[in-house]
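Values quoted throughout were computed directly from the atomic coordinates according to the rules given, and no laboratory measurement underlies them. The structure displayed is predicted, hence computed values, not measured ones. All Cβ positions, even for glycine, are placed from backbone atoms using ideal geometry, and neighbour counts span all protein chains on display.
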Amino acid sequence: MNDAKSALDTTELNIASNLQELENMLVYLSETVRLMILHGADYESVSKYITDINDYILDNEKYKIYSTGVYGFFEVFGNRFHDGTGWVPPNGFTPSDRPWYKAAVEANGKTAVTEPYMGIAMDVYTMTFTRRIFDADGKPLGIVCLDIILDRVRELTVNTHFEHNGYGILLNSRLEILSHPDKTMYGKKMVDIDSSLLPIAEDLKQGIPVLEHGVKNYRGEPSVLFFRQLENGWYIAVMISKAVYFKDMRIMRLAIIVLGAILAMLFIGMVKKLTVANEKLENLSTTDELTKLDNRRSFLEYINLIWKQNRRLNLPVTILMIDIDYFKKYNDSLGHLEGDKALIAVAKCLKNSIKRETDFAARFGGEEFVCVLPFVEKAEAFEFTKTMVQSVEDMKIPHPMNSCSKYLTISVGVASAVPDDSNSHVQLLGEADKALYSAKASGRNRAAMS
């Protein structure tokens, strides 16, 4: 069981770590394109930038084995399409029919990944990271895409080196095989290959974990099968030789004799509990228990990462420092239980206010919150913040001790900078805090810029 878990962990980590960088690249690429357009860049300038990024990917030894390049479709430029490789679409090419277009529209501003499909420019099976970008009023500007070569993802699954000499299998959400040592299996449904797997398919569809199931592998050898669902709804499976698996089980029997039957049973039962406990502990270390927002530690990790990445991209970072007005008086007059409810309500309002997946909200401490807007300049951030301030007051939570409104309100300090050698995220946080003090001094229930 532990060997299988290790194999599943290895496979999932191989897939995630190798694709995460490319997904992050698409997020930053699409945000850069969005900012270029909002600052008046024309189609030629945006096309050149996409071509430059494409050249960078295909010249990079690490990235070029995974990706065939980047491209974009732009409503803002009269529905024009540009491929960074220089590929020109054939007559009759309709972007709205393509899987990447449909996935981006459905995700509505979030990064999406398509199911595998046959590419047009290159005759290979492809997955696409795709993202739709919008202006400040929510009007679509276009879609930016980065293609992933499916064969490389297949290799990451099948060729993972396991101590048990087993192999990995990758399936989509419909339980159709995407990768397998036997390439004739590609595209086939799991249950069509072996009808005895039907109970497994039903369990997976109902969210029931499949941790051990006796089957025969594609070579006809008795084996044990384990499954795990990935975040995107796909599945990874590990096939272990039954001989190897039960050899490990014989070792467990020796442990039972040595430790005693009761202790061994407790240990086996605690393995799963310990895994769950560790996951909860990890969540507690990065999540505020009351509001369920990220906590201060998580914020510091995020701003440090964003600062480094935006420095390389020469893009702005904006920080919002947020404070609930007269919160101590609120607590004193209504009690701490009502105070906790107010904190939860404000946290939910802040979370709902940020729309892009790169934006970040956290509880900084007490009645203070912080937001990070990685690609937003000061003027745009200030307009966004005024809407946020109004949204909190619009919740109409009565605050009998608030001198600036009869409802619960917030004050916000806004600070923005392009990271370079002369500044730091610590300094920017200090500037946002100064702006927050200015908002309070000016009457509260408002935003102020540094």
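Ordering 320, 315, 305 from the fewest to the most neighbouring beta carbons within 10 Å gives 305, 315, 320. With Cα atoms defining each centre, the range 39-117 and the range 414-450 are spaced 36 Å apart in the structure. Dipole orientation for the range 296-449: of the candidates 334, 419, 370, 334 has the Cα lying most toward the positive pole (charges on Cβ; Lys, Arg +1; Asp, Glu -1).
Could you sort 217-223, 169-175, 30-36 so that the peptide with the highest average Cβ count within 10 Å comes first and the rest follow in order? Each step should come with its number before you reach the end.
On the way: 217-223: 14.3, 169-175: 19.0, 30-36: 21.3.
Per-residue mean Cβ counts within 10 Å order the peptides as 30-36, 169-175, 217-223.
With N counted as the residues of the range 296-449, its alpha-carbon radius of gyration over 2.2 N^0.38 Å works out to 1.03. Dipole of the range 296-449 computed with +1 at Lys/Arg Cβ and -1 at Asp/Glu Cβ about the Cα centre; of 321, 310, 390, farthest Cα towards the positive end is 390.
Apply the a/c threshold of 1.5 to the C-alpha gyration tensor of the range 389-450 and tell me whether it is rounded, prolate or oblate. Prolate shape, in that a/c is at least 1.5 and a/b is the bigger ratio.
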